[in-house]
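Student: The structure's right below; bear with me while I get my questions together.
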Amino acid sequence: MRLLTAGESHGLRVLAVLDGVPAGLALGPAEIDRDLRRRQLGYGRGARQRIERDHVRIVGGVRQGRTTGGPLALEIDNRDAPNWERVMSVEPVVDPPPPVTRLRPGHADLAGALKFGHRDVRDVIERASARETAARVAAGAVAKAVLGLAGTRVQSEVVAIGEVSSDPTWDEDAVETSEVRCGRPDRSAAMVAAIAAAREAGDTLGGIVALRASGVLPGLGSYAEWDRRLDGRIAQALASIQSAKGVEIGDAFAAARERGSAVHDPIVLREGGFARLSDRAGGLEGGVTNGEDVLCRVAFKPISTLMKPLASADLATGEAAPAHVERSDVCVVPAAGVVAEAMLALVLADALLEKFGCDDVETLVASVDRYRARLRPLGLRG
């Protein structure tokens with residue numbers, strides 16, 4: 001599957017085009033809207049989330065409730081766009097808005113302006129904005145539906161905000177009822193308090209999201225070429241999320257400080273198949289899934305727009321100036337977990353379709369069943 005997104009933060013809409021979705025997949029807006037709504041929730045979000053009510057419009061690739069095999073085209077309107085009509089006008093306006101020239105440390109402002117030669121940082125802000133992730137989440141919901149055909153499920157849980165940390169519970173009800181998507185009520189309350197303190201100080205907070213894909217077939221990905229190794233593809237997808245600065249697969253960073261005898265997952269026979277006594281590899285060995293849960297963590301930096309701006313410079317004059325202030329969130333980590341789910345689902349769904357090469361759902365399901373039958377004589381779980 002291939003994904004392209006388009007649109008600006010305050011433009012008319014954001015769009016996703018997802019190519020390679022098999023024909024015959026039952027799909028409607030409701031399944032996608034659920035994840036779009038989850039992306040908008042979370043303590044620490046800004047005023048814009050009270051304006052937007054994200055809803056997907058499927059404008060291509062679905063007929064009578066099922067995918068056709070053609071590219072899937074998804075649109076999500078920006079309800080805030082009317083307030084930005086003059087600023088974001090496609091056509092030149094008689095009295096153009098003043099350019100944004102004060103640069104924000106930590107944002108794409110300066111790097112983007114230097115790359116494209118922009119004199120108005122607005123041209124960078126609008127596309128670099130995390131509003132683009134609404135399109136990713138919409139596409140990711142489709143990928144989750146594809147993975148569901150093979151019995152794979154993707155979850156996320158916040159395990160750190162600022163200095164407050166937790167361990168994942170993978171209790172979906174507890175996670176989704178928490179304001180910060182943390183399954184432990186005491187840790188969740190402490191995270192909320194930390195975000196409130198940062199807001200009061202005019203500051204922002206980052207954190208860490210844990211991801212789990214369960215029911216993953218063994219044999220996805222490849223060890224044969226560097227760019228087909230699935231752990232590398234997952235890391236690239238997760239690191240591409242706005243504010244993401246680090247990706248860990250399994251117990252990577254802790255394992256780097258230990259001996260191999262303590263790190264690798266012993267293989268045993270259980271219920272007639274191969275299994276592991278642990279999953280410290282995070283379900284991936286040699287760039288290939290091994291049948292255990294795929295486990296990842298993503299570290300998100302505090303977002304760049306501060307209500308008490310840092311010292312910076314003006315792009316137009318080169319003189320010292322405080323950083324630009326744009327309406328913003330205090331903490332996006334709970335929402336970032338939903339985006340991370342989407343990106344992991346897209347990579348895994350792509351690997352699933354790559355392995356089985358199926359154009360339609362019926363053939364995909366049959367191929368997966370045949371593969372599972374082939375694994376059984378070898379003692380492998382599927």
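Just so it is clear, none of the values below were taken in a lab; they were calculated from the coordinates. All values reported here derive from a predicted model rather than from experimental measurement. As a convention, Cβ positions derive from the backbone with ideal geometry for all residues, glycine included, and neighbour counts pool all protein chains shown.
Student: Give the cross-link partners of LYS355 among the lysines, using a straight C-alpha distance below 27 Å as the criterion and excluding same-chain residues fewer than 8 apart.
Tutor: Within the straight-line cut-off, LYS355 pairs with LYS144.
Student: Then there's this: Hey, with R₀ at 25 Å, roughly what FRET efficiency would ARG53 and GLU176 work out to, going by the Cβ-Cβ distance, to 0.05?
Tutor: Numbers: r = 19 Å, r/R0 = 0.74.
Step by step, r from the Cβ atoms, then E = 0.85.
Student: Which FRET efficiency value, to the nearest 0.05, do you get for ARG127 and PHE274 by plugging their Cβ-Cβ distance into 1/(1 + (r/R0)^6) with R0 = 45 Å? Write out the running numbers ahead of the final one.
Tutor: Details: r = 47 Å, r/R0 = 1.03.
About 0.45, to the nearest 0.05.
Student: Whole Å is fine, so just give me how far the alpha carbon centre of the range 244-285 lies from that of the range 185-204.
Tutor: The range 244-285 and the range 185-204 have Cα centres spaced 33 Å from each other.
Student: Using only the Cα atoms of the range 1-42, build the gyration tensor, take square roots of its eigenvalues as a ≥ b ≥ c, and label the shape rounded, prolate or oblate: rounded if a/c is under 1.5, else prolate if a/b is larger than b/c, else oblate.
Tutor: oblate
Student: List MET1, MET88 from most exposed to least, where exposure is judged by having the fewest other Cβ atoms within 10 Å.
Tutor: If I rank by nearby Cβ atoms, fewest first, I get MET88, MET1.
Student: Using alpha carbons only, what's the Rg to Rh ratio of the chain with Rh from Kirkwood? Display every interim value, and only then the final one.
Tutor: Details: Rg = 22.1 Å, Rh = 22.2 Å.
Value, to two decimals: 0.99.
Student: Extension gain ALA196-GLU362, at 0.36 nm per residue separation less the Cα-Cα distance, in nm?
Tutor: 54.8 nm
Student: Going Cα to Cα from LYS308, which lysines come in below 25 Å? Please leave out same-chain ones fewer than 8 positions away.
Tutor: LYS245
Student: Only sites in a loop by DSSP and with at most 15 other Cβ atoms within 10 Å count here; which GluC sites (Glu not before Pro) in the range 62-153 make the cut?
Tutor: The qualifying sites are GLU85.
Student: Please give, to one decimal in nm, the separation of the simple spin-label points placed at LYS115 and LYS308, each 7 Å out from Cα toward the Cβ.
Tutor: 3.2 nm
Student: Once the cut-off is 20 Å, how many percent of the Cα-Cα pairs in the range 203-362 end up in the long-distance tail? Mind dumping the intermediate values first?
Tutor: Numbers: 7687 of 12720 pairs.
Here the long-distance tail beyond 20 Å is 60 percent of all Cα pairs in the range 203-362.
Student: Mind ordering 211-217, 336-342 by average Cβ neighbours within 10 Å, highest first?
Tutor: 336-342, 211-217
Student: Explain nothing, just the number: dipole magnitude of the chain about its Cα centre with +1 on each Lys and Arg Cβ and -1 on each Asp and Glu Cβ, in debye rounded to the nearest 20.
Tutor: Dipole size: approximately 340 debye.
Student: Once you keep just the Cα pairs under 8 angstrom separated by 6 or more residues, what percentage relative contact order results for the chain?
Tutor: Relative contact order for the chain comes out at 22 percent.
Student: How far is it, in nm, from the label point at ARG372 to the one at ARG257 when both lie 7 Å from their Cα along the line to the Cβ?
Tutor: My value for the distance between the label points is 4.1 nm.
Student: A further question on this structure: Placing +1 at every Lys and Arg Cβ and -1 at every Asp and Glu Cβ, with all other atoms neutral, what dipole size does the range 284-382 have around its Cα centre, in debye to the nearest 20?
Tutor: 420 debye
Student: Continuing with the same structure: For a protection proxy built on the mean count of beta-carbon atoms within 10 angstrom, sort 282-289, 237-244 highest first, please.
Tutor: Top to bottom by mean Cβ count within 10 Å: 282-289, 237-244.
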